[in-house]
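See below for the structure under consideration.
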Amino acid sequence: MTATYKLGLALSGGGIKGFAHLGVLKYLEEIGVRPEILAGTSAGALVGAFYACGYSCEEVFELLSRNGFMKMTSLKIRGGGMFSASNFHRHLKRNLRYKKLEDLPLPLRIVATDLDEGDLRVFTEGRLADIVLASCSVPILFTPVEIDGHAYVDGGIFRNFPVTIIRADCEQVIGVNLGPVSHEEVERSMTSIANRAWELVFRQNTIPDREACDYLLETMEVTRYSMFEVSAASTLMTIGYELAQKELAPLAAQHTSQTETNEPQ
């Protein structure tokens with residue numbers, strides 16, 4: 001059977017580490033390679049949504065780096081989470097250029113977890129801002145997002161690295177996994193322990209997706225940064241760019257060769 005898409009790109013969750021996704025996309029733009037479909041979980045869904053809307057990597061960086069965690073959230077005693085993401089939700093609705101997921105010019109599949117059914121949900125249509133927020137809503141920290149009568153939280157619980165979500169439909173898939181776990185001693189603080197615990201949870205479901213990649217991009221460098229360390233955004237984007245430059249050299253050479261072959265003599 002012929003695959004629907006020549007190249008797909010799967011972007012994992014990872015909190016602030018998602019800025020590394022922008023570095024990968026920037027490199028792909030520079031070599032003239034554009035994925036035909038995206039799949040994203042949590043931070044990957046967030047970056048993927050803005051990119052699929054037609055923003056440049058630099059524009060996405062500005063939109064997502066200008067506000068820190070405390071500006072985008074507020075403490076919430078009730079409602080199933082410690083923090084409300086209503087400010088973040090308004091930011092999404094104000095800046096995403098498309099209201100519905102199915103209207104995006106670049107196809108995007110977003111993974112979230114249905115708390116009521118206890119199962120994974122892959123969204124291909126619906127209110128874009130709501131779906132992105134649901135995919136990013138880390139349990140306990142954030143209030144679940146209600147969509148069509150169901151409560152949704154972070155997609156990383158079932159599929160933090162959504163390669164298999166698009167594998168069957170693509171000739172080749174690039175996967176950017178920001179969830180490798182370091183083996184260093186963890187600082188005995190609440191933030192560090194919580195961050196490590198979620199890394200361990202999300203790591204467990206990445207094995208089949210790592211094996212499904214044609215190009216697997218991951219680096220331990222991203223593990224130095226905590227989930228909400230916005231000050232590291234620029235550094236993380238550079239890490240992603242340099243990682244892509246190294247791991248996607250064969251793809252760049254292949255694209256250059258095809259371009260030269262197709263040029264008129």
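The values are calculated or read from the model by the stated rules, or taken from the named source; none is laboratory data. The model shown is predicted, which means the values in this text are computed figures rather than measured ones. Every residue, glycine as well, gets a Cβ built from its backbone with ideal geometry; the counts of neighbours run over all protein chains shown. Side chains included, ligands, DNA and RNA excluded: accessible areas come from the protein's heavy atoms. Shrake-Rupley method; radii C 1.70, N 1.55, O 1.52, S 1.80 Å.
Mind ordering 97-106, 162-171, 54-63 by average Cβ neighbours within 10 Å, highest first?
Highest to lowest by the protection proxy: 162-171, 54-63, 97-106.
Lys246 versus Ser189, label points 7 Å from Cα toward the beta carbon: distance in nm?
Inter-label distance under the simple model: 2.7 nm.
Ordering Ser12, Ser86 from largest to smallest accessible area (1.4 angstrom probe), what's the sequence?
Ser86, Ser12
Could you order peptides 135-142, 34-41 by the average number of other Cβ atoms within 10 Å of their residues, highest first?
Answer by packing, highest mean first, reads 34-41, 135-142.
With the crude spin-label approximation of a point 7 Å out along Cα→Cβ, what separation in nm comes out for Glu125 versus Asp103?
1.4
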